[in-house]
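What follows is a set of notes on a single structure, which appears directly below.
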Amino acid sequence: MNRAAATAGTAGGIAALVIVACACPAPKKLGDPLDGLTQQESARFVQGREAFQRAFTPETGLGPLFNADGCAECHEDPATGGRGDEIESHVSVFDPATGSCDQLVEKGGPVIQQHATPALSAALGIDREPTPAAAKVVASRSAPELFGLGLLDAVPDAEILALADPDDRDHDGISGRPNRFVDGRLGRFGRKAFVPTLREFNAGAYTIEQGITNPESPTEESIGGDPIPPGVDPVPEPEITQAALDATDDFVRFLAPPQRAHLDAAGRRGRKLFGAIGCAACHVPSLTTGDSPVEALRYKTVYAYTDLLLHDMGDGLADICFGLATPSEFRTAPLMGISKATALLHDGRAKSIEEAIRLHAGEASTARNRFEALSSQDRDALLRFLGSL
Amino acid sequence: MDNRADRARPRATIAIIILMTATALIAAADSETTRCTIRKVDPASREVTAVYGSGYALRVRVFRLDPDCRIAGLKPGQVVEVKHRRTGGRDVALSIAAVLPDENRGRP
């Protein structure tokens with residue numbers, strides 16, 4: 001082969017590589033939409049991101065009590081829809097004698113709003129919602145990332161209920177049980193798996209986090225159970241339209257799950273250890289979605305590493321009850337995206353994956369003990385696997 | 001005369017059917033059904049307080065009981081289905097039925 005032919009061959013090879021590279025889908029970034037959305041659904045996602053990023057003022061309905069002026073204020077890191085560094089306060093009263101949970105609805109509900117509009121401050125002299133006197137425990141809650149939640153929403157109830165073992169009939173020490181919303185439906189969203197659907201979570205979040213009423217959550221929060229003083233919140237209800245709520249819901253629903261990193265040999269060994277020491281008993285590696293009007297959500301496998309059920313996590317993590325969840329019961333936290341987290345567990349107290357594991361107790365004690373008993377090499381392999389999620 | 005009466009009869013029938021349908025629709029729209037958790041049962045004042053809502057935005061609703069509405073056996077913490085309608089600025093419960101755990105199954 002002469003020099004010219006060799007050059008031409010090399011150029012052709014490079015061109016072929018470029019063509020192959022262009023044919024491969026670009027790697028997903030956090031905050032990107034699901035693969036396989038229709039053109040119309042993609043447009044709804046983009047429109048929804050604008051609604052999600054909208055910042056409200058008192059003149060456009062904010063408050064009079066609120067935690068944030070827009071969804072993206074708390075769900076922003078490392079991309080819109082991600083986590084936030086805000087810590088909220090939640091309250092309820094648990095009666096150990098009866099096992100009942102008072103979510104203090106008559107006293108303003110379980111979420112304490114930490115800001116008040118100037119008009120409310122002027123009227124009542126408060127700069128946040130007062131904590132009800134009955135609340136002896138105040139729980140801290142970090143703002144979770146929302147990536148991939150549309151897939152979890154599309155998992156059929158039956159699949160979650162099939163994983164429940166409330167009486168530990170298989171004697172493995174793990175007894176996941178479902179939480180229920182106030183109307184009896186299976187819960188799955190929130191740190192205590194209280195809310196049945198993503199849509200209701202979004203509609204309710206507008207009201208409790210921003211004081212923005214909407215057609216599906218049309219009533220403002222009370223001021224610790226007392227009515228809002230006249231003239232303080234002049235924007236008529238609902239403060240956003242159905243279209244704005246739908247758009248926000250579309251954005252959250254269509255957010256792609258975080259991409260898992262490629263596993264090397266140590267990571268693959270770590271994945272086996274994850275199952276072998278019992279982590280996967282609660283952090284079930286995958287769930288499968290059911291039927292959905294959105295093809296990108298229909299019959300998909302979601303590697304969320306959760307069973308969406310409640311488990312006893314021990315006294316050290318216990319805080320408040322929520323629905324059927326006792327103070328020490330929490331929903332198995334999804335692990336998708338955990339590699340990017342800098343503050344873990346429901347309140348962000350753990351600063352590393354290893355610290356979060358060591359804080360597991362209750363039903364997770366055996367798995368935690370096994371983790372602690374691993375050789376440092378095996379522990380590193382397990383952490384390498386978790387670092388790929 | 002007879003011909004005119006014959007023509008009027010079907011029109012009258014159609015008008016009656018429309019009127020009956022409209023009445024039925026209005027009656028159906030008059031009441032709604034809410035699933036919620038009982039917070040308090042007060043037989044003395046004939047009121048039931050219940051919790052409902054969307055997500056974490058939970059709200060309380062006080063139902064005044066219709067004279068025919070039975071509350072025997074109802075207790076706080078129970079999930080119920082309340083058929084109610086707005087009368088005189090208040091929510092009046094026409095019937096309250098406990099929701100059995102099997103009926104709680106949600107999505108397929």
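Quick notes
- For the residues of A:177-189, the average number of beta carbons from a partner chain within 10 Å of their own beta carbon is 6.
- Each of A:Glu50 and A:Ala133 was given a label point 7 Å from its Cα along the Cα-to-Cβ line. The distance between the two points is 5.0 nm.
- Each peptide in A:350-362, B:52-64 gets a packing score, the mean of other Cβ atoms within 10 Å over its residues, and the list from highest to lowest is B:52-64, A:350-362.
- Full-stretch length increase - A:Leu161, A:Arg260 - with 0.36 nm per residue and alpha-carbon distance subtracted: 33.0 nm
- Overall form of region A:265-386 per C-alpha gyration tensor (a/c, 1.5; a/b vs b/c): oblate
- C-alpha center-to-center spacing [region A:274-301, region A:47-65] in angstrom: 33
- Region A:35-108: C-alpha gyration tensor shape, a/c 1.5 cut-off, then a/b vs b/c: prolate
- Pairwise FRET efficiency - A:Glu59 versus B:Thr13, Cβ, R0 = 60 Å, nearest 0.05: 0.60
- Short-range pairs are left out: with C-alpha atoms under 8 Å and at least six residues apart, the relative contact order of chain A is 20 percent.
- Using R0 = 45 Å, the C-beta based FRET efficiency linking A:Arg169 and A:Ser121 works out to 0.25.
- Expressed as a whole percent, the proportion of Cα-Cα pairs in chain A lying more than 29 Å apart is 48%.
- P(r) tail fraction, region B:32-104 - alpha-carbon pairs more than 14 Å apart, %: 56
- Take the Cα of B:Arg70, step 7 Å toward its Cβ, do the same at A:Arg349, and the gap between the two points is 5.0 nm.
- A:Ala276 versus A:Lys29: modelled label distance in nm, points set 7 Å from Cα along the beta carbon direction: 3.9
- Measuring r between the beta carbons of B:Thr33 and A:Arg298 and using R0 = 45 Å, the FRET efficiency lands at 0.90.
- Summing charges over all other residues whose Cβ lies under 13 Å from the Cβ of B:Val51, with Lys and Arg as +1 and Asp and Glu as -1, gives +4.
- Taking 0.36 nm per residue of separation and subtracting the current Cα-Cα distance, fully stretching the chain between A:Glu237 and A:Thr288 would add 14.5 nm.
- Axial C-alpha extent at least 27 Å, average Kyte-Doolittle at least -1.0 - helices from chain A (DSSP): A:3-23
- Ranked list, fewest to most other Cβ atoms within 10 Å of each Cβ, for A:Asp233, A:Asp250: A:Asp233, A:Asp250
- Percentage relative contact order, region B:32-104, counting C-alpha pairs under 8 Å, at least six apart: 32
- Alpha-carbon centroid distance for the pair region A:82-126 / region B:48-68, whole angstrom: 20
We did not get these values from a lab; they are worked out from the coordinates using the rules stated. Just so it is clear, the model here is predicted, and its values are computed rather than measured. We place every Cβ from the backbone using ideal geometry, glycine too, and count neighbours over all the protein chains shown.
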